[in-house]
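Read the structure below first, then the notes.
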Amino acid sequence: MKANKAEIAVFVSGGGTNLQALIDAQKSGIIEHGEIKLVVSSNPNAYALERAAKAGIKSVTVSKKEFGSQAAVEEKIAEILEENNIDLIVLAGYMSILSADFTRRYERRIINVHPSLIPSFCGEGFYGLRVHEAALKKGVKVTGATVHFVNEIPDGGEIIMQKAVKVRDGDTPETLQKRVMRLVDALDGAERIRNCRRHTPGGSRKNIGRDSPKKSGGKIMDIYAVNDIAKLIEGNSYVGRGIVIGKSADGTKACTAYFIMGRSANSRNRIFTERDGVLYTEPFDASKVEDPSLIIYAAVRNYENKIIVTNGDQTDTINDALKSGGSFKSALETREFEPDAPNFTPRISGMLTFENKDFTYEMSILKSADAAGSACNRYTFSYSPLAGLGHFIHTYVCDGNPIPTFQGEPERVAIPNDIDEFTQSLWNALDADNKISLYVRYTDLVTGAEDSRLINKNA
C-alpha cells in the first residue's frame, strides 16, 4: 500500500526553475503531503529534464512532433499518469494548452501559477512579458501571482491562493517580471502544494481521485462524499471565520456552529459571550480595540422559529428584515463584503427555519467580484437536512496576502450525535496560533431544547 501522500506529476517545457523550487521544497520538508513522482515534458531538450534526473525523479517526454496531434499527446499523457498512479498535476512552465476534455478528465487535480492577480491580466494571450506590459500600461500599483485549479478556460479555474507584489516607480516589464517570478518560485516551493492538500476536495489524498469512480479512463471526485471537518481544516493555518449547519447522525438535532480566527492584534482581541440565547463577539480587552465595527456584533440570535448565524452585524440586518416581512435573501441584498481592502473579507451567513419537528436551512456568502472591490457577488444556498450531514462555509481558503476568499459551494461535513465530540474535534483542528473562539449549539427537533458549548482562547 502506498504512503498516504498525493503522488505528483510536474509538467514542464523549458528550464525548470519552478520545478527546481518544488524539488528544493520537497527536500526541505515543506511539501508535507505530496511527493513528486514524475516529470512530463513537452520538449525533449528541456533543461528541466536534467534537473529531474539529478533529483532522481522519473521523467518522460510527450511531444506533438512525436505523436502528431494534441489529442494523441493527451491520450498518451493520461496513459502515463494512470501507469504511475498520479494524483495531482502541477504545471510548472508547461507551454502547451491542455484541452477541455483533458482538464475535465482531471477536474480539480491540475494546478497552475499565473503571474498576475487573477482576474486581472489573464486569459488567452496573457503570458510572459505580455502580462507585465499590460499591468504597467494600466498603471496598477499592485500585481502578483495566483495559484489556481486549471479548467477549460485559460486562467479561469478556481483560485487557490494569491500573493501580491508592489509595482515600483521606474519598473519595466522585465524588472517587474523578475520580482513576480521570484514570488512564483516561492509559491511553488512553499505554498503551492502544501495548501493544495487542504483545498482539494475532502482535504486528503483519498479524495483527490484515486478511490473515486472512473469515467472515460480518468478519475473524478465523489461529489456526495461527507468529510470529517477536522480533516478539512487540519494543516491549514487560516480559514478565517466559519459556519456549520446540519443535522445529527440520528436525525434528532439541528447543529449550528460558528468560530472565529484572527491574525492581527485587533482580531485576536475577542471573546464570545452568550446572553439570553444570543451569542455576541466582544473585545477581550476593551482598551486595545482598534476597530469596533468588526469586533462587536451579535453572531447568533433567534427570531421566532429561526436561528440566525453570521460573521458580522448582518445578523441584525436579517433579524430586522424578518420582523418587517422580508426574507434571509432579501436582507442580504442590502449588504456586501467587508470594506477591509485588499482582503475584502466575505460576509457569510446562515439561517435555520424550524417547522413540524424538522428544519430547513439557508447559507450565503457575499464576496468581492474582483481584486479592486468594484462590485459584490451574492450566493445563496438552500438545503433540506439529511441525517449526519452538514454544510461548512468559511471566509478564506487559506492564509495569504491578500487572503484568498472562499471558493465554490459550502463543503459537506459529518455531524455526529454528541455535541462534545463535535466541539472538541473542531476546536482541536483549528490552528493553535490563530483560533480565538468557538460556539456550538444543538437544538432538539422534538422539544426545541437547546444545548450549547462555548470555548474562548482568551479566558
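Miscellaneous remarks
- Residues located in region 116-156, provided they are buried (at least 21 other Cβ atoms within 10 Å of the Cβ), touching a Cys at 6+ places or on another chain (Cβ under 9 Å) and of a type in the set (Gly, Ala, Ser): Ser116
- Which listed residue, of Ala9, Ala72, Ala52, Ala25, is within 23 Å of Ser99 (Cα to Cα), buried (at least 21 other Cβ atoms within 10 Å of the Cβ) and either out of contact with any Phe, Trp or Tyr (no Cβ under 8 Å at 6 or more places or on another chain) or of a type in the set (Phe, Trp, Tyr) (or both): Ala9
- Residue satisfying all of: in region 375-407; small (Gly, Ala, Ser) and modelled with pLDDT of 85 or more; surrounded by the most Cβ atoms within 10 Å (Cβ to Cβ) among these: Gly390
- Within region 167-182, residues that are among the β-branched types (Val, Ile, Thr) reach partners that are loosely packed, with under 12 Cβ neighbours inside 10 Å with beta carbons closer than 7 Å, at six or more positions or on different chains, in the pairs Val167/Lys141.
- With respect to (1) closer than 28 Å to Ser382 by Cβ; (2) within 28 Å of the chain's Cα centre (by Cα); (3) buried (at least 16 other Cβ atoms within 10 Å of the Cβ); (4) not charged (D, E, K, R), the lone exception for Ser267 is condition (1).
- Selection of region 338-362 for residues being assigned to a strand (DSSP E or B) and surrounded by fewer than 23 Cβ atoms within 10 Å (Cβ to Cβ) yields Thr353, Phe354, Glu355, Asp358, Phe359, Thr360, Glu362.
- No other residue among Asn319, Asn302 is modelled with pLDDT of 95 or more, in the same structural domain as Ile415 (by TED's automatic domain parsing), polar (S, T, N, Q) and assigned to a helix (DSSP H, G or I) apart from Asn319.
- Test: residue in region 421-439 that is crowded, with 16+ Cβ neighbours inside 10 Å, out of contact with any Phe, Trp or Tyr (no Cβ under 6 Å at 6 or more places or on another chain) and small (Gly, Ala, Ser): yes
The values are calculated or read from the model by the stated rules, or taken from the named source; none is laboratory data. Predicted model only: the values in this text are computed from it and were never measured. All Cβ positions, glycine included, derive from the backbone under ideal geometry; neighbour counts span all protein chains shown.
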